[in-house]
Amino acid sequence: MINLEKGQRVNIELQRFTIGLGWDTNESSSGDGFDLDASAFILGENRKILADEYFVFYNNLKSPDGAVEHTGDNLTGEGDGDDESLKVDLSKINSQATEICFVVTIHAAVERKQNFGQVHNSFIRIYNTDTNEEILKYELEEDFSVETAVEFGRLYKKSGQWKFEAIGVGQKQGLQEYLNKYN
């Protein structure tokens, strides 16, 4: 198993694997629970979504090509291990796809006065779907004091080989900012 640092890249040798995302949250000052959501943007050469259906999230659990499948929305994030997961099968991916970005956003962050400064123990990991063997893990160690959304990592294709890059970059505009960026 490889522990990645921010910006580090590694080849992904598997066709089928699962992206697990996890986090813990502090108590919210507003009394509202935290609802963090994992999303995947399947992009083409122009770094834009192939089509609206290639934005995979809690309201669209599967990409049209069947290559990315969200296992469902976790409304609390309680407990150890992965809070949300996305199954990936690169053998099915649309031939125009060159990148898959994995983003975690805080649902209703502005209304609930929540941000990633109240989130800790965040990670993204890749494991073999069939054997559960963990292949890599990237733990976000930055202090995101005002951000409401973070791009945890991305898969990208270079010279026919899929690679994973640990990103760990946050921003303040939530999911809408990513929708604007990738549409």
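The values are calculated or read from the model by the stated rules, or taken from the named source; none is laboratory data. On a predicted model such as this, the values are computed, not experimentally measured, just so you know. For neighbour counting, all protein chains shown are included, and Cβ atoms are generated from backbone atoms with ideal geometry for every residue, glycine included. Surface accessibility is based on the protein's heavy atoms, side chains included, excluding ligands, DNA and RNA. Shrake-Rupley method; radii C 1.70, N 1.55, O 1.52, S 1.80 Å.
DSSP bridge analysis restricted to the chain gives an antiparallel fraction near 95%, rounded to the nearest 5. In the context of the full set of protein chains, residues of the chain present 48 Å² of accessible surface per residue (probe radius 1.4 Å, heavy atoms only). What is the percent carbon and sulfur in the accessible area of the chain, measuring with a 1.4 Å probe over the protein chains and ignoring ligands? Using a 1.4 Å probe with all protein chains present, the chain comes out at 42 percent carbon and sulfur. From the coordinates of this entry, P(r) over Cα pairs in 10 Å bins from 0, in percent is computed, and it appears in [x] 10, 40, 38, 11, 1; [y] 9, 35, 31, 18, 7, 0; [z] 9, 26, 28, 18, 11, 5, 2, 1 under the label [x].
Express the relative contact order of the chain as a whole percentage, based on alpha carbon pairs under 8 Å and six or more residues apart in sequence.
Details: 440 pairs, mean separation 54.8, N = 183.
Answer for the chain is 30 percent.
Measuring against 18 Å, Cα to Cα, the residue pairs LYS137/LYS158; LYS62/LYS172; LYS48/LYS181 contain LYS137/LYS158; LYS62/LYS172 as the ones spanning a longer distance.
With a cut-off of 13 Å between beta carbons, the residues surrounding ALA109 carry a summed charge of -3, where Lys and Arg count +1 and Asp and Glu -1.
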